[in-house]
1. Fully extended, how many nm does the chain gain between Ser310 and Lys538 (0.36 nm per residue separation, minus their Cα-Cα distance)?
2. So, in nm, how far is label Ala567 from label Gln480 when the simple model puts each one 7 Å beyond its Cα toward the Cβ?
3. Suppose every Lys and Arg Cβ carries +1 and every Asp and Glu Cβ carries -1, with no other charges. What dipole size does the range 455-539 come out with about its Cα centre, to the nearest 20 debye?
4. Quick query: amide H of Gly245 versus all other amide H atoms, modeled in the peptide plane; which residues come in under 5 Å with a sequence gap of 5 or more or a different chain?
5. Taking amide H positions as placed in the peptide plane 1.01 Å from N, state which residues far from Gly489 in sequence (5 or more) or on other chains have amide H under 5 Å from it.
6. Please give every one of the lysines within straight-line cross-link reach of Lys157, meaning a C-alpha to C-alpha distance under 17 Å, and leave out same-chain neighbours fewer than 8 residues apart.
7. Tally Lys/Arg at +1 and Asp/Glu at -1 over every other residue whose Cβ is under 12 Å from the Cβ of Asn82; what's the total?
8. Tell me the carbon and sulfur percent of the accessible area for the chain, rounded to whole percent, probe radius 1.4 Å.
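The values are calculated or read from the model by the stated rules, or taken from the named source; none is laboratory data. Just so you know, these numbers come straight off a predicted model, no measurement behind them. Don't worry about glycine lacking a Cβ; one is built from the backbone with ideal geometry, like all the others, and counts go over all protein chains shown. Each accessible area value is taken on the protein alone, full model and side chains, heavy atoms only, with ligands, DNA and RNA left out. Shrake-Rupley method; radii C 1.70, N 1.55, O 1.52, S 1.80 Å.
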Amino acid sequence: MKFNLFCISSLLILISAGNVHAAPETQPNILWIVTDDQRPDSLQAYNRAVYGTDHSPLGYVESPTADALAAEGTLFVNAFNNAPACGPSRGSFHAGRYPFRHGHYAFELTHQEPDFVRPTVTQFLRNDYGYTAATFGKADSYIFRWGPGQGFHDPGKWDHRVHFKNDLQKQGLGDLFANTAYTEDWTKLGVAEWAHTPDGRVRQHFFSRVDGPVTDEDRRVRAEIEEEFDILRSYTRFNKNLILGGVNPMPANETVDARVVREFKNYLKKPGRPYKTLWGKPVVGPDPDKPLLMHLGFHLPHTPVLPPKSVRDRFQQHKYKVPKFSLAEVEKLPAQLKHMYQTMTANDYTDAEKQQAIQDYYAFCAHGDALLADAVEAFKTYTEKQGRPWLIVYAVGDHGWHLGEQGIMAKFGPWQQSVNNAVILVSSDKDLVPAGAVHRGIVEYVDLAPTILQAAGADLSEKKLSHLDGFSLTDTLHGQAPARDYAVGEMSLVIGHRAYLLTDRFRFSMKTRPFPGKIPADKIGENIKWALNAPVEKVDLALYDLESDPLERRNVADHPRYRELAAFLRDKLGRVVLGDGRVEVDWSKANTYTVSDFAEGAHDYKLEIPEDLIPQKLVAK
């Protein structure tokens, strides 16, 4: 069934002038999809656009649902996240602000008490634009209630919420997962792992116990689970208990992500009517008279990487290339990135283990793609019955994942596999979002918020939205948004504060604060220009020239031919992230923060590197 989605004349005014709100009857239903740790090369459509082949550079992938969405809309192949970890990345795109302007650099328990904080995307849609908002799976942007009893609570964000961990797994609706174990009165017992199987069995063992060491029974159950499900642990890393490969104990229709999609579909089947969740909680379906935002946050392919057997068997027939890596690469790294390698290394895995990790990762991505097909169909069916236009925004990974590149199997780094993602944008109005298009310009995840808000009818020039750091992707497609010369980001996890600046040719990163991790509360805003003034060896510069080193294996920041360029990029990035509205917050208090604006306007999206700083000849290998 086809229907008229937007009045074209009104739409042109909205795009060109940005000052007309969409009429209520033309507000689209919006499906916002976010996966966790997904590399864009798990999509055939991405590989065709970037590499000219269906395969990833490592080998075989499957993605018919994502490929169909890309054919139906526009694929942004150079979409960069603004922090390569789930907490700060999601905090950034839910807020529409860079981490350095939101004060969310890691897993801080942020809240909305400070007066610089603005509503999230969902709060705007619910409170200002008449939307019902529902989230399924993983949606946490680490926004917490302030005050006594502060905890996992999203104030005014969602009308309906189903969380993969706090709802499904805690109700025994999971597959194989680890979490903190408590008694019924919330006394902490330790960290445990549970394996659920279709016959109703649940096996539990502890990694650590509050009341003493793990028991022989813990070790026995752990060994039994590891053998039965072919578990590959991250035994070479600091955290040795993560699962980087194995087979899911549940069939494809009973994994935790499959149950997330079932809850998603059940909600859409009951507009305005009561029903019960899979664990028996009475709820009500969406208001059929309102536009709807559906947020679908897959947990996969995040650890534990456990594709169901039916998918895994298919991928085990394929042999994958293991990314090239040499310890000589580590020797060229600055101290901060050497520490990352040492904490996250997978170099000591056997060849068979590396092969398993790659096979199982891509198989898990394929499982997610199959689940996505059901969700997209349910969303479109609901929207068609409602008689509304629709928009689908698919962020392919909240950040990326290394499968041996740089010698790690993790994220958190300033390298391509951590920070380079993709976005698929699809609209029922092909004049708004062209079908089958590929956009190769730089976009950032801070663009997701203005894209969704504009689709809902927001005028992005309004004062209440002046805090947004990104641009609407639809405006980008229609030439109404500035082109970027670079993308930026920052976070403080694992190795302390590190920021990055990424261009088509160069990848640059540096240490921004002198602390090994979180900024001490009594040091926020102190010596804010440290990274600009400290001796260069203290700032741990890393620079890669993709023209000669597309895999980012040779840090040339200290190479004589690149030193002046590295100094130029250090000054630009430092002024952007440290001096153009940087916020540092003591989140343990209601309203304690600093703002640094010594370089206001530095983030102008233009780089303008002097030509004499750009090497014209390739660096010898």
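1. Details: separation 228, 0.36 × 228 = 82.08 nm, distance 5.06 nm.
Using 0.36 nm per residue and subtracting the Cα-Cα distance, I get 77.0 nm.
2. Label at Ala567, label at Gln480, 4.4 nm between them.
3. Numbers: 12 positive and 10 negative charges, 83 e Å.
Around 400 debye, computed over the range 455-539.
4. Correct list: Leu232, Val305.
5. Tyr500
6. Candidates past the 8-residue exclusion: Lys138, Lys290.
7. Details: positive: Arg90, Arg97, Arg101; negative: Asp398, Glu444, Asp447, Asp469, Glu490.
So the surrounding residues net to -2.
8. Values: 12270 of 24000 Å².
So the carbon and sulfur contribution to the accessible surface is 51 percent.
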